[in-house]
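Taken together, the values in this text are just the output of simple stated rules run on the coordinates, not laboratory data. All values derive from a computational prediction rather than experimental measurement.
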Amino acid sequence: MLSDTAVPSSYDTQIAQLAPSDRFLRALALSACIRSLAWQGARLNSETPDTAGVVLRFVRQLYGDDVALMWQRRTDARQRE
């Protein structure tokens, strides 16, 4: 278990030395990487191969069942219009 007093790794030290704008860009790149992995996972594990099924799985993976249910209800309502 790590404590708050743990010695930071050399990578942590390197990140801490970056300018705030560079840290922000790295955070954005990491976020994009995670979203890409989530999309790939959704494509592989969706119940249906169509785009709507993949999007629903993606939303469920990133935001949870509650948001996915809201998404599904809105999508169903739009299709009925």
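Brief remarks follow.
- Using the Karplus relation 6.51 cos²θ - 1.76 cosθ + 1.60 with θ = phi - 60°, the per-residue 3J(HN,Hα) values for segment 20-31 come to x, 5, 5, 4, 4, 4, 5, 5, 5, 5, 5, 4 Hz, with x marking Gly and Pro.
- Extension gain from Asp66 to Arg78, taking 0.36 nm per residue of separation minus the Cα-Cα distance: 2.5 nm
- Relative contact order (%) - the chain, alpha-carbon pairs under 8 angstrom, separation at least six: 15 percent
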